[in-house]
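Here's the structure, in structure tokens; my notes come after.
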Amino acid sequence: MSEIQTNRTWLETFSLMFHRKVLVMLFLGFSAGLPILLIFSSLSLWLKDAEVSRSTITFFSWAALGYSFKFIWAPLVDNLRIPGLTAALGRRRSWILLSQIAIIISILAMAFSEPTSSLTFTAVAAVMLGFSSATQDIVIDAYRIESAKGDMQSMLSSAYIAGYRIGMIVAGAGALYIAGWIGVEGTYTPHAWTTAYVCMAIAMLIGVATTLCISEPTSYKDSHAVFSNNRNVLHFLGCFFICVAVFITAFSLLGDSFKDFKAWLIEDITENKRIAGFVAATVKLWLCIGLAAVTGWALVRVKAVPKEMLIEGYVDPVRDFFVKYGKTALLVILLIGLYRVSDIVMGVIANLFYSDLGFTKIEIAAYSKTYGLIATIAGGFLGGAIAIRYGVYKALLTGAILSAATNILFAFMVGLDKSGSILLMTITADNISGGIATAAFVAYLSSLTSVSFTAMQYAIFSSFMTLFPKLLAGYSGAMSISLGYADFFYLTALMGIPAVILVVILSKLVPVEKLN
């Protein structure tokens, strides 16, 4: 991405879609995209059928917070050799395969859970799925960046997004079709959802087959000696799980205290229960993260884990980024954190909105997923082509403006009679803009990484990309109830304005020539 390839014609640009590496990324993108909706929209409708409250349903989106904290274990994925597998498949392929197996097990665990009687087990299985899927993302992202350089990255990003969306369609529309065919509309049918999720676990075998057929990239750096020492790695893993245990324990034990804190907020600060709940939950989350971080620091101080591992795994990638981008690094981070807010916050509530408009599961699957697939793929490849022809910033700006603007279309649907044609037009516009924005953004994030720290840096970027939006998305149900659907969609459109401003500023401060 070091320069704009103006010498390519449109025909030459789109012919890159049939390159072998592009097709590989299409299938790996499918494997990455399939699990996400099994935590979000498909699970939302399952829980709605089980008569779980809307506010509780949207809290389940926090099960995917592993995507936002995956940089914590990215150094392990980047450096750790898996006994037996790494020697046979290579470092990247072995980790992809291991994560895919974990995803399949997690989906099956969700399939055989029952929200009406064991909602906690369903939540644990969803968290396992989020963690496994986030791990797969770490390795596939590194594999993609290391597979090709230059303007080819834009088309690889587009293929990845296309495959990702196809996986989402299978997990979204496919799961809804299966649940709709087996179940009875308006009646909760547990075995219908069990069958749907088992079918999704089987579909993950496409990703497994792809992993076994592809070749290992050769451009990544070898692991440092400190990570090659098995004893050091075991200590690192032990400390990692101790920190996770501290986080979980603190989160559980602080429950009653933060109920009192929420009550104090309602009584003395704000009478709005939802605002108080948001503040209390956010403070609780970051306090637990802080306790886990302090635990990690203490373990380093007592030399339970080599200090060199933390420096090489965490400090060096961050230092490299700030040295490279200097004072503009903070603006880059701000853009990364805000670019997807509008899409993610609106997306969590979308299926519930369609359902409240009177559309059945089959209709939602047809309009929102199946018909939107072509528009999404077209938007993704269009975003990649714009990035190749005119530069990544123009593609980013186009995507940011369109993504925010299309949310207004959903607001116009509020109060209208049920209309498949209006829903189809709205979803088509939303999917094209989303495809452009996502493909351009993935290409942009890829251009920010250094070869020496591919997995870790991209994991940090993509974690920041989803952290704030997903935290906010957990309250989308409460916001839509408080504001009403129309004002909620207008609000999500306004959330896209900061990203537009930041793209314009960074295009002047960090020209394309400074990107990799």
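Here is how the numbers come out for the structure above:
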quantity	calculated
Count of segment 99-124 residues which are at pLDDT 90 or above and surrounded by 20 or more Cβ atoms within 10 Å (Cβ to Cβ)	7
Candidates I436, I401, filtered to the one that is surrounded by fewer than 24 Cβ atoms within 10 Å (Cβ to Cβ), of a type in the set (V, I, T) and over 18 Å from G337 (Cβ atoms)	I401
Test: T454 is assigned to a helix (DSSP H, G or I), more than 12 Å from the chain's Cα centre (by Cα) and among the polar types (S, T, N, Q)	yes
Odd one out for I349 among (1) under 28 Å from P511 (Cβ atoms); (2) under 21 Å from the mean Cα position of the chain (by Cα); (3) of a type in the set (V, I, T)	(1)
Inter-residue pairs, beta-carbon under 6 Å, first under 20 Å from G384 (Cα atoms) and touching a residue at least 12 places away in the same chain (Cβ under 8 Å) and in segment 22-50, second buried (at least 24 other Cβ atoms within 10 Å of the Cβ) and among the basic types (K, R), 6+ apart	M25/R144
Residue match in segment 407-417 (condition: closer than 17 Å to D487 by Cβ and either out of contact with any helix residue (DSSP H, G or I) (no Cβ under 9 Å at 6 or more places or on another chain) or buried (at least 23 other Cβ atoms within 10 Å of the Cβ) (or both))	yes
Helices (runs of 4 or more DSSP H) within segment 295-413 that include 3 or more residues touching a strand residue (DSSP E or B) at 6+ places or on another chain (Cβ under 7 Å)	none
Members of segment 457-516 that are surrounded by 18 or more Cβ atoms within 10 Å (Cβ to Cβ) and charged (D, E, K, R)	K470
Any hit, segment 460-475, residues being small (G, A, S), under 22 Å from A162 (Cα atoms) and either assigned to a helix (DSSP H, G or I) or touching a residue at least 60 places away in the same chain (Cβ under 8 Å) (or both)	yes
Segment 10-32, subset out of contact with any helix residue (DSSP H, G or I) (no Cβ under 9 Å at 6 or more places or on another chain) and modelled with pLDDT of 65 or more, residue farthest from I166 (Cα to Cα)	L11
Segment 295-313, residues that are loosely packed, with under 13 Cβ neighbours inside 10 Å and β-branched (V, I, T)	V302
Candidates L205, L234, filtered to the one that is loosely packed, with under 14 Cβ neighbours inside 10 Å, closer than 23 Å to A102 by Cβ and at pLDDT 85 or above	L205
Residue check, I145 touching a helix residue (DSSP H, G or I) at 6+ places or on another chain (Cβ under 6 Å), modelled with pLDDT of 80 or more and surrounded by fewer than 22 Cβ atoms within 10 Å (Cβ to Cβ)	no
Number of the exception - M346 against (1) without any contact (Cβ under 8 Å) to a residue 12 or more places away in the chain; (2) closer than 30 Å to A499 by Cα; (3) of a type outside the set (G, A, S)	(1)
Subset of segment 353-371 that is among the small types (G, A, S) and under 25 Å from the mean Cα position of the chain (by Cα) - its residue that is farthest from M479 (Cα to Cα)	A366
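The values are calculated or read from the model by the stated rules, or taken from the named source; none is laboratory data. Source: prediction; values computed, not measured. A quick note on method: Cβ atoms are made from the backbone with ideal geometry, for glycine too, and the neighbour counts reach across all protein chains shown.
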